[in-house]
Amino acid sequence: MRVFAALLFRNRLAAFGAVVLGLILILVLLTPLLPLPDPDQTSTGDRFLRPLSPGHLLGTDHLGRDLLARLLHGTRLSLAVGAAAALIAATIGSSIGIVAGYFGGRIDNVIMRFVDMLMAFPYILLALAIVAALGPGLMNALIAVAAVNVPFFARNIRGIAVGLAGREFIDAARLSGMGHGRIILTELLPNVLPVIVIAMSTTVGWMILETAGLSFLGLGSQPPQADLGSMLGEGRSALISHPHTSVVPGVMIFLIVMSVNLLGDGVRDALDPRLRSGALSRPQAMTRVARTGAVPAATEDLLAIQELET
Amino acid sequence: MGGYIAKRLISAIPVLLGITIIVFLIMSLIPGDPATAILGSYATPENVEKLNRDLGLDKPMVQRYFIWLGNMLTGDFGRSFSLNRPVLDEIVERFGATLVLAGTSFVLCSLLGILAGVVSAARQYGAADKLITLVVLIGISVPSFFLGMMMILLFAVELRWLPVSGMYAIYGGGDLPDLLRHLIMPALALAAVATGVIARLSRAAMLEVLRQDYIRTARAKGVRESRVIWGHALRAAMVSIIPVLGIQAGFVLSGAVYIEIVFQWPGVGRMLVDAILKRDLLLVQGGVVFVAACYVFFNIAVDVAQAMLDPRIKT
């Protein structure tokens with residue numbers, strides 16, 4: 001873990017991303033404690049105040065709502081939804097991938113054909129179809145974004161799981177009488193976990209962007225609830241006369257996505273064994289052998305069994 | 001090569017069927033009963049039952065799927081209630097506009113991306129490389145719809161160089177120069193992210209190739225550096241760049257939805273979003289199946305191009 005952190009922060013861009021994201025996270029976590037106006041409180045007399053107006057640091061929107069309060073609450077929501085989508089997609093996708101890779105054969109074939117079909121869609125079409133069926137709403141946008149990313153995780157994790165399923169330590173676990181469920185949970189999962197983390201860190205930025213995009217189209221969060229995408233969507237109608245209502249949420253999305261991408265690339269570079277930085281150890285058995293006494297001395301025989309016991 | 005193309009086309013059939021099955025399953029997720037929705041909450045049970053029978057909703061799901069599939073294969077995608085015209089006519093018309101936009105964007109991002117990647121790799125760690133890496137980083141992270149809005153502010157509102165939105169001018173428009181003027185901003189905004197991704201991967205692919213022995217041999221023989229880069233190295237690197245282009249085409253097509261909204265482009269993406277907000281599900285369903293099917297064929301074309309370039313792929 002310490003090696004990982006050292007490797008991560010030696011990468012200056014990743015460190016920069018971590019700092020920006022950290023600042024945003026702190027701001028967002030402190031939001032409920034800050035002395036901000038209610039983000040949904042309208043005041044039609046103060047419509048479209050410019051930034052740096054007294055009492056409204058970033059100005060107000062078309063209904064006179066404080067942009068700073070809306071921005072911080074919106075960021076909170078967008079980050080939470082994006083992270084939730086990433087977690088859901090990673091959990092479901094990785095489970096599918098592990099099951100397909102571990103069991104192989106017909107199960108693998110059936111599952112992966114289905115995954116290939118999902119991947120045959122340009123991603124937004126699938127998301128739009130799901131939102132169309134479930135109806136517009138932030139929760140449904142979250143489900144759509146998660147569902148669209150499931151095949152990506154399934155494909156990635158399956159590739160790793162297939163390689164691991166044939167390793168000796170899996171055979172050893174099977175020989176020792178473990179069931180499939182236990183082998184997957186105690187032997188396979190710890191070994192694919194870093195890959196899942198890499199896949200998540202490189203896609204979570206995308207998922208935040210995609211949910212913001214659906215909200216921008218009016219298919220995600222519904223008024224008066226603000227997330228960054230819907231703020232940008234509302235700002236668009238006043239783009240030419242009052243550009244600050246679009247610039248504020250737009251820049252925030254940009255900062256979030258950029259810092260998450262930088263950090264994600266850094267995590268990948270620090271963990272990926274193929275890049276030789278080597279914070280990832282090679283796959284290994286997770287169950288330790290409880291030895292009583294010393295290792296018996298080697299004998300001349302090809303295979304010698306001493307005191308067989310269970 | 002002909003045999004390979006035929007083989008790929010045949011392998012597309014199950015994928016196309018799979019697409020229709022997935023869309024059908026998603027659409028059957030819709031909560032509630034369509035007949036009650038159409039007739040309102042005061043409908044008598046007899047009327048609901050009759051309408052269900054007329055719409056074919058009393059039949060089992062498998063049978064309904066095959067009826068739907070059969071209708072689509074004969075060109076009947078149903079009738080859009082919000083536009084009161086056949087779904088297929090509307091889709092074909094709108095898809096043309098999307099193809100103009102996405103196609104231009106795709107050409108732009110391929111050319112710019114590969115160019116930036118090659119220059120970057122040829123001058124690794126030089127000033128040009130650093131500048132390109134920074135621009136690429138920003139390009140990947142900025143949401144295309146926000147970029148489009150900022151371009152409108154700068155080029156249309158402040159500088160007044162280009163029209164704000166739409167595909168043709170209402171008065172006196174309709175010719176090619178008019179289309180191009182309207183196309184520049186949306187095509188560039190749509191290409192930004194894909195250009196960044198392609199530049200990044202082209203750079204990596206080129207660096208990989210430039211390390212090879214035959215490049216050193218070519219240089220030792222005295223081949224001009226520009227020929228080494230653009231002739232010898234790029235040709236080999238294209239093998240790993242082309243699959244990336246195929247994937248990015250899908251992202252360009254997806255991103256077109258946002259850009260069409262921002263620039264009021266009369267494409268299929270805007271049609272889909274409007275249809276969802278009006279709950280015109282036949283239009284959504286038809287549009288998704290149609291575009292996804294086109295995308296499958298596009299991917300086959302990419303595979304064929306790949307097979308032509310790379311002799312190691314068995315045809």
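The values are calculated or read from the model by the stated rules, or taken from the named source; none is laboratory data. Here the structure is a predicted model, which is why all the values come from computation and not from measurement. Backbone-built Cβ (ideal geometry, glycine too); neighbour counts: all protein chains shown. Protein only, heavy atoms only, side chains kept; ligands, DNA and RNA dropped before computing areas. Shrake-Rupley method; radii C 1.70, N 1.55, O 1.52, S 1.80 Å.
What's the magnitude of the charge dipole for the stretch A:159-228 around its Cα centre, counting Lys and Arg as +1 and Asp and Glu as -1 at the beta-carbon? Answer in Debye, nearest 20.
Rounded to the nearest 20 debye, it is 180 debye.
Per residue of B:288-300, how many C-beta atoms from partner chains lie within 10 Å of its own C-beta, taken as a mean?
Details: counts 8, 3, 1, 5, 7, 1, 1, 4, 3, 0, 1, 1, 0.
Average per residue, whole number: 3.
For helix B:61-73, report the angle its Cα long axis makes with the longest principal axis of the Cα atoms of chain B; keep it between 0 and 90° and round to the nearest 10°.
Helix B:61-73 and the main axis of chain B meet at about 60 degrees.
Given a 1.4 Å probe and heavy atoms of the protein chains only, how would you sort A:ARG70, B:ARG94, A:ARG174, largest accessible area at the top?
A:ARG174, B:ARG94, A:ARG70
Once you order the gyration tensor axes a ≥ b ≥ c over the Cα atoms, which shape class does the stretch A:183-233 get: rounded for a/c under 1.5, otherwise prolate or oblate by comparing a/b with b/c?
Numbers: a/c = 5.25, a/b = 3.29, b/c = 1.59.
It is prolate, given that a/c is not under 1.5 and a/b is the larger ratio.
Taking the Cα centre of chain A as origin, sum charge times position over the Cβ atoms of Lys and Arg (+1) and Asp and Glu (-1), and report the length of that vector in debye to the nearest 20.
Roughly 380 debye for chain A.
Find which of A:LEU79, A:GLY59, A:LEU134 sits farthest along the positive direction of the dipole of the stretch A:1-136, computed with +1 on the beta-carbon of Lys and Arg, -1 on that of Asp and Glu, about the Cα centre.
My answer, from the dipole projection, is A:LEU79.
With a 1.4 Å probe and all protein chains kept in place, how do B:CYS294, B:CYS109 rank by accessible area, largest first?
B:CYS294, B:CYS109
Counting only protein heavy atoms and using a 1.4 Å probe, what share of the accessible area of the stretch B:32-102 belongs to carbon plus sulfur, as a whole percent?
Answer for the stretch B:32-102: carbon and sulfur cover 61 percent of the accessible area.
Using Cα pairs closer than 8 Å and at least 6 residues apart in sequence, work out the relative contact order for the stretch B:72-217, in percent.
34 percent
Where nothing but the Cβ of Lys and Arg (+1) and of Asp and Glu (-1) is charged, how large is the charge dipole of the stretch B:88-309 around its Cα centre, in debye to the nearest 20?
It comes to approximately 1060 debye.
Please calculate the 1.4 Å probe accessible area of A:SER241, with all protein chains present, and give it to the nearest 10 Å².
70 Å²
Which lysines have a Cα less than 19 Å from the Cα of B:LYS7, not counting those fewer than 8 places away in the same chain?
B:LYS314
Once whole DSSP H runs in chain A are found, which of them have Cα atoms spread over 18 Å or more along the helix axis and a mean Kyte-Doolittle score of at least 1.6?
Numbers: long enough: A:12-30 (27 Å, 2.69); A:67-103 (53 Å, 1.42); A:105-119 (21 Å, 0.65); A:138-165 (38 Å, 1.43); A:189-216 (39 Å, 1.43); A:244-271 (40 Å, 1.23).
Qualifying helices: A:12-30.
Enter the accessible area of A:SER221 (Å², nearest 10), with the probe set to 1.4 Å and all protein chains included.
We get 10 Å² for A:SER221.
If you take every residue apart from A:ARG70 with its C-beta less than 13 Å away from the C-beta of A:ARG70, what net charge results, scoring Lys and Arg +1 and Asp and Glu -1?
Values: positive: A:ARG65, A:ARG76; negative: A:ASP38, A:ASP40, A:ASP61, A:ASP66, A:ASP227, A:GLU234.
Neighbourhood net charge equals -4.
Calculate how steeply helix B:281-309 sits against the longest principal axis of the alpha-carbon atoms of chain B, using the helix alpha-carbon long axis, and give the answer as 0 to 90 degrees to the nearest 10.
Between helix and principal axis, roughly 30 degrees.
Which order do the peptides A:112-122, B:180-190, B:253-263, A:295-305 come out in when sorted by mean C-beta neighbours inside 10 angstrom, highest first?
Highest to lowest by the protection proxy: B:253-263, B:180-190, A:112-122, A:295-305.
Give me the lysines in straight-line cross-link reach of B:LYS50: C-alpha distance below 17 Å, same-chain residues under 8 apart excluded.
Cα-Cα hits under 17 Å: B:LYS59.
Please compute the volume of the convex hull spanned by the alpha-carbon atoms of chain B and report it per residue in Å³. List each step's numbers first, then the result.
Details: hull volume 58.5 nm³, N = 315.
Enclosed volume per residue, from the Cα hull, is 186 Å³.
Below 18 Å, Cα to Cα, which aspartates and glutamates can B:LYS278 reach? Residues fewer than 8 away in the same chain don't count.
Once the sequence-local aspartates and glutamates are set aside, what remains near B:LYS278 is B:ASP33, B:GLU90, B:GLU260.
Hey, can you rank B:55-61, A:6-12, B:204-210 by average C-beta count inside 10 Å, highest first?
Output ranking for B:55-61, A:6-12, B:204-210: B:204-210, A:6-12, B:55-61.
Rounded, prolate or oblate: pick one for the protein assembly as shown, where a ≥ b ≥ c are the square roots of the eigenvalues of its C-alpha gyration tensor, a/c under 1.5 means rounded, and failing that, prolate if a/b is larger than b/c, else oblate.
Here the protein assembly as shown falls in the rounded category.
Any idea which of B:LEU245, A:LEU303, B:LEU281 is furthest toward the positive side of the dipole for the protein assembly as shown, if Lys and Arg beta-carbons carry +1 and Asp and Glu beta-carbons -1?
My answer, from the dipole projection, is A:LEU303.
Solvent-accessible area of A:TYR123, probe 1.4 Å, all protein chains present, reported in Å² to the nearest ten, please.
40 Å²
What is the average number of partner chain Cβ atoms found within 10 Å of a Cβ in A:212-219?
The per-residue average across the peptide is 5.
With a 10 Å radius around each residue's Cβ, average the other Cβ atoms per peptide and rank A:79-87, B:121-129, highest first.
Descending mean neighbour count gives A:79-87, B:121-129.
How large is the helix-only mean residue ellipticity at 222 nm for chain B, computed as the sum of -39500 (n - 2.57) over DSSP H runs with n ≥ 4, divided by its residue count, in deg cm²/dmol to the nearest 500?
So the calculated ellipticity at 222 nm is -24500 deg cm²/dmol.
Answer rounded, prolate or oblate for chain A, using the Cα gyration tensor with square roots of eigenvalues a ≥ b ≥ c: rounded when a/c is under 1.5, else prolate when a/b is larger than b/c, else oblate.
Prolate shape, in that a/c is at least 1.5 and a/b is the bigger ratio.
Per-residue mean of other chain beta-carbon atoms within 10 angstrom of the beta-carbon, peptide B:251-258? Can you show the working numbers first?
Values: counts 4, 1, 4, 11, 3, 2, 8, 5.
Mean shielding count: 5.
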